[in-house]
Amino acid sequence: MRTLEGHAFHTMEKIDRMLYERYIEMAALANDPLISSKTSTPGQISEKLKEYLDRHNMYASLSFFDMNRVRIADTTGKRLGEQHKIEDYWVDIVNGKHFAIDIHSSISLKKPAFHFASVVKDKKGTPIGVVVSRMPIDYLYNIVRPVSDVYGGIHLIDEYFKIELLDRNGLVLYSNYNLKGILSDISPNWEFVKKKLDALELLGSKVHQHLKEEEITSYINEPGYLSFAGNGWNLVISVSAKKALEPVLILKNKLIAIFSIAGIVILCSIVIFSRKLTRPLKTLHKASIEIGRGNLDSKINIASKDEIGQLAMSFNKMTSDLKKFKEEMLIHSSELENKVAERTSELIRINEQLHIELIERQRIEKVLMALKDVAEAANQAKSEFIANVNHELRTPLNSILGFSEVLTDEHYGSLNAQQKEYIAYITDSGKHLLSLINDLLDLSKIEVGMMQIELSRFLLKGAINSSVAILKEKANKHGIALSADIEAEADINIEADERKFKQIMFNLLSNALKFTPDGGSVQVTACLSNNVGATRWVVQEEGRGTASPLQTNFIEISVADTGIGIKEENMPELFKEFVQLDNAYTKKHKGTGLGLALTKKIVELHCGEIWVESEYGKRSTFTFTIPINTGQYVMECRKPASAH
């Protein structure tokens with residue numbers, strides 16, 4: 001049953017991953033500048049939908065509706081101007097959801113199909129329409145079919161498995177044995193599944209009688225995938241107990257017989273060959289000691305023609321080659337001294353030539369300045385490429401981490417010490433790589449303008465103490481005193497992105513602990529600050545701006561450590577991407593060179609500032625400011641200059 005539950009889990013994960021990919025694709029389409037523009041014509045929208053359909057051929061068609069459910073554009077060109085009924089996915093959209101998934105019979109496809117709907121918003125965040133895609137349910141069969149290929153390492157044919165996908169009310173959305181009941185029947189397994197779900201058992205199995213034969217049935221409630229919360233669907237897989245276990249018993253008997261015979265043969269072979277190998281190996285050992293002492297005239301006299309004899313011949317050849325190599329090295333050493341003298345003379349000549357080339361390089365530098373804008377455009381393209389590729393890397397990496405954690409928890413059998421050690425290496429390396437990918441993705445989103453701050457009101461003191469608590473154990477392990485000192489006037493609720501605020505704190509605290517020797521201290525302080533770092537960036541037509549004072553209250557937070565400090569010449573490189581300062585501590589600890597760069601960009605998203613004060617070899621203090629009311633401040637500081 002555990003194996004069948006595992007298949008159910010992995011199959012539902014594949015379904016959720018497929019739905020998540022559609023969610024990402026539809027969100028990207030909804031955010032397309034042409035689709036989300038109020039000035040776009042139906043013809044332009046239709047062309048954009050057709051272009052998107054050509055790149056994503058799993059969809060049968062794409063449509064664009066206004067918020068009154070009127071079809072404005074469609075890749076088929078049909079039913080334009082018609083108003084869609086309030087049913088299916090429209091119920092979720094009307095109730096305020098930004099993304100909805102439904103399976104129902106498609107009029108255009110004349111068979112059941114997935115319907116994916118994503119709300120389109122203008123630049124102000126106002127809903128102006130909905131994009132809808134239709135995908136044949138046949139794609140679902142390609143996902144669930146592999147579960148019937150292998151069961152516990154034994155191949156079974158497809159007809160032995162009965163597979164159903166149910167909605168949250170037990171309605172059959174998909175079935176490989178009851179095609180007529182799709183979208184009309186309530187599953188016969190629903191009573192069992194519902195009872196388990198009511199008991200909060202989201203994954204389970206049962207053994208029951210079906211047509212006078214024992215049958216194993218497993219189910220799993222949809223867990224969702226990453227930011228996709230799921231639809232509450234349930235996957236049910238049934239298989240005959242007799243068919244599932246019969247091949248296992250046959251394989252077990254065969255393996256016992258094979259291993260018994262192999263064990264006897266191996267034992268006899270070990271006894272015979274160990275006696276034959278011992279004597280020549282002792283001779284080899286003595287000869288190797290002589291050669292290690294520098295006696296290159298030592299020879300090994302073993303006349304046998306087996307592997308040991310071949311090894312002795314190779315040993316003698318190696319000794320002869322080493323002796324010859326030593327003599328050649330003495331000759332080459334003399335030749336090298338002559339070449340060094342020649343190269344020194346040549347370097348003097350090259351140095352004079354370089355002085356002439358320097359003048360030419362200064363001329364070329366002016367040309368390179370003209371290419372700067374081209375390089376900046378290439379950097380933007382790079383960030384967009386990294387953002388797209390990181391998703392493809394993170395999906396399989398999350399699977400690797402998930403499976404390594406399952407193995408560590410020994411759900412499918414106990415592990416020996418070496419296996420646990422290797423799995424721990426996999427988990428640690430995977431988490432480090434996932435952290436790198438997440439930093440790259442966040443950094444890329446900020447650079448291409450896709451990262452948005454999600455504002456909420458939260459207690460500043462609670463957020464700081466929570467961040468300190470996460471790293472308290474790590475600090476205690478190294479004898480580092482980690483504390484927080486929040487002034488009474490700063491013990492207030494602020495409006496900011498709480499998750500990103502904690503990410504700023506985590507990055508700065510982790511950095512401080514990493515570069516603070518054992519027995520040191522790290523302290524967090526917070527206070528109110530009027531106009532400290534409060535600079536308003538006035539946007540102009542060219543995309544650049546000028547700074548002007550903006551009256552507001554700021555929170556100033558500092559993370560001070562008694563670490564190794566930072567050299568003054570390294571300060572300009574500190575907040576650059578992929579830059580790690582060259583010192584003994586950075587070589588001892590893993591890092592990506594993205595932490596401070598990402599932290600600076602998140603602070604700037606809040607219209608704040610970050611800076612550092614350091615005394616090399618003694619201490620460092622990283623300080624940043626953000627507005628108490630970020631939402632109001634961001635709105636004011638990004639108004640065009642002409643409005644003031």
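Taking other residues whose beta carbon is less than 13 angstrom from the beta carbon of Leu354, and scoring Lys, Arg as +1 and Asp, Glu as -1, yields -2. Once the chain from Lys323 to Leu397 is taken as fully extended at 0.36 nm per residue, the excess over their C-alpha distance is 21.5 nm.
Distance from the Cα centroid of the range 83-107 to that of the range 4-75 is 14 Å (rounded to whole angstrom). Extension gain, Val374 to Thr126: 0.36 nm times the residue separation minus the Cα-Cα distance gives 85.8 nm. Of the listed residues Leu368, Leu19, the order by accessible area with a 1.4 Å probe, largest first, is Leu368, Leu19. Karplus-based coupling profile of the range 494-507, in residue order and whole Hz: 10, 10, 6, 7, 4, 5, 6, 4, 5, 5, 4, 4, 4, 4, with θ = phi - 60° in 6.51 cos²θ - 1.76 cosθ + 1.60 and x standing for Gly or Pro. Per residue, the range 23-143 exposes 51 Å² of solvent-accessible protein surface, assessed with a 1.4 angstrom probe and all protein chains in place.
Among Val406, Val271, Val132, the sequence by solvent-accessible area, most first, with a 1.4 Å probe is Val271, Val406, Val132. For Val120, the residues whose modelled amide H falls within less than 5 Å of its own, excluding neighbours fewer than 5 places apart on the same chain, are Ile128, Gly129, Val130, Val131. For the range 1-100, which GluC sites (Glu not before Pro) are in a loop by DSSP, counting at most 10 other Cβ atoms within 10 Å? Within the range 1-100, the qualifying GluC sites (Glu not before Pro) (loop, at most 10 other Cβ atoms within 10 Å) are Glu87. Straight-distance candidates among the aspartates and glutamates for linking to Lys323, with alpha-carbon spacing under 16 Å and chain neighbours fewer than 8 residues away dropped: Glu290, Asp297.
Once the chain from Tyr141 to Gln632 is taken as fully extended at 0.36 nm per residue, the excess over their C-alpha distance is 171.7 nm.
What is the distance, in nm, between label points placed 7 Å from the Cα along the Cα-to-Cβ direction at Glu290 and at Lys254? Label-label distance for Glu290 and Lys254, simple model: 5.5 nm. The label point for Ser334 and the one for Ser483, both projected 7 Å from the Cα toward the Cβ, are 7.3 nm apart.
Highest mean first, the peptides 410-419, 120-129, 501-510 sorted by other C-beta atoms within 10 Å per residue fall in the order 501-510, 120-129, 410-419. Is any residue of the range 61-90 close enough, with backbone N under 18 Å, to a label point placed 7 angstrom from the Cα of Ala229 along the Cα-Cβ axis, and if so, which? Flagged as within label range: 89-90. Taking a point 7 Å out from the Cα of Glu405 in the direction of its Cβ, the residues of the range 186-227 whose backbone N falls within less than 18 Å of it are 202-203, 221-227. Packing around the peptides 191-202, 60-71, taken as the average count of other Cβ atoms within 10 Å per residue, puts them in this order, highest first: 60-71, 191-202.
The values are calculated or read from the model by the stated rules, or taken from the named source; none is laboratory data. All figures in this text were calculated on a predicted structure; none of them were measured in a lab. A quick note on method: Cβ atoms are made from the backbone with ideal geometry, for glycine too, and the neighbour counts reach across all protein chains shown. Heavy atoms of the whole protein, side chains included, go into the accessibility calculation; ligands, DNA and RNA do not. Shrake-Rupley method; radii C 1.70, N 1.55, O 1.52, S 1.80 Å.
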